Amino acid sequence: MKNIIYIFSLFILSSCTSDKSSKNDIKIMQEIADSSIQEDTLQKVPESNIDDNVGQNKIRILTDSDIQLIKEKSKPMTDTLYIPTYDERVALIPDKFLNKYIFGLKDSDTDFILPDDAPIFYAFNEYRELRDYYLFTIIYSDESCCQLNYGITISKKNKEIIDVHLLGLDGGDGGWIENDVGIWENDTSLNLIKASSYDNDIYDSELHQYKREIDTLTVNISLSDIGKFSYNLLDSVRYDTILKYDN
């Protein structure tokens with residue numbers, strides 16, 4: 001406010017001087033006004049209250065009791081990738097745990113973000129302890145299609161979630177079916193066969209035939225020493241077949 005009064009005072013004084021002096025005063029007055037506006041603006045803008053610790057950028061650090069909960073509610077990891085049916089799931093993940101650690105996690109390969117969905121669609125699955133980190137899997141039951149098995153790694157040093165990756169899925173929808181089968185060749189390397197098929201519309205209405213597209217991918221999903229997932233495509237086979245509708 002003091003700056004504004006000062007500006008008006010300068011304006012009154014400048015009107016009584018010569019044209020040359022007036023122009024100089026106006027220039028000076030404008031500079032003062034600009035600096036005043038900048039100063040007032042800086043004073044009125046509040047400090048940023050944006051919380052970077054939200055959504056997919058959220059820092060997720062578990063407690064010892066959280067780790068213990070995972071161990072208690074999960075099965076020991078076996079040599080084969082376990083993708084249970086909806087009714088075979090081990091134990092539902094508590095709502096508090098989901099909100100604190102799971103919702104908003106982003107798959108490091110596909111960028112898919114685990115949705116803020118009903119707790120009934122999330123379940124603990126399997127657990128393994130490695131030298132520098134923990135590995136556990138959860139099942140997300142996507143009601144539109146399938147059972148998805150996600151691997152999650154947690155640092156032993158600070159209990160922070162390191163990485164998230166889809167390990168495999170089982171299910172289908174709208175003519176599409178996928179059944180993934182995986183074998184752990186060791187504690188950090190998963191060999192996976194992703195077999196999927198898609199039934200197109202009627203190929204020949206008179207002969208009651210339709211085309212089925214079949215894809216088979218052979219991939220390896222491995223874990224680094226620091227708990228980061230990597231996905232490598234080893235082989236890919238695709239072919240079509242003609243099938244008949246049952247009369």
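Taking the criterion of being under 19 Å from Tyr82 (Cβ atoms), of a type outside the set (Val, Ile, Thr) and in the same structural domain as Phe124 (by TED's automatic domain parsing), would at least one residue in the range 199-220 satisfy it?
yes
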Out of Tyr245, Tyr134, sole residue that is in contact with a helix residue (DSSP H, G or I) (Cβ under 7 Å, 6 or more places away or on another chain) and over 21 Å from Glu88 (Cβ atoms): Tyr134
Tabulated pairs, the range 175-202, first more than 13 Å from Cys145 (Cβ to Cβ), second of a type in the set (Asp, Glu) and outside any strand (DSSP E or B), C-beta under 9 angstrom, 6+ apart or interchain: Ile183/Asp79; Trp184/Asp79; Glu185/Asp79; Thr188/Asp225
In the range 138-161, the residues that are surrounded by 22 or more Cβ atoms within 10 Å (Cβ to Cβ) and among the β-branched types (Val, Ile, Thr): Ile138, Ile139, Ile152, Thr153, Ile154
Matching option when the condition is out of contact with any His (no Cβ under 6 Å at 6 or more places or on another chain), assigned by TED's automatic domain parsing to the domain that holds Glu88 and more than 18 Å from Pro76 (Cα to Cα), among Leu169, Leu130, Leu135: Leu169
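The values are calculated or read from the model by the stated rules, or taken from the named source; none is laboratory data. On a predicted model such as this, the values are computed, not experimentally measured, just so you know. Please note: Cβ atoms are built from the backbone with ideal geometry, for glycine as well, and neighbour counts cover all protein chains shown.
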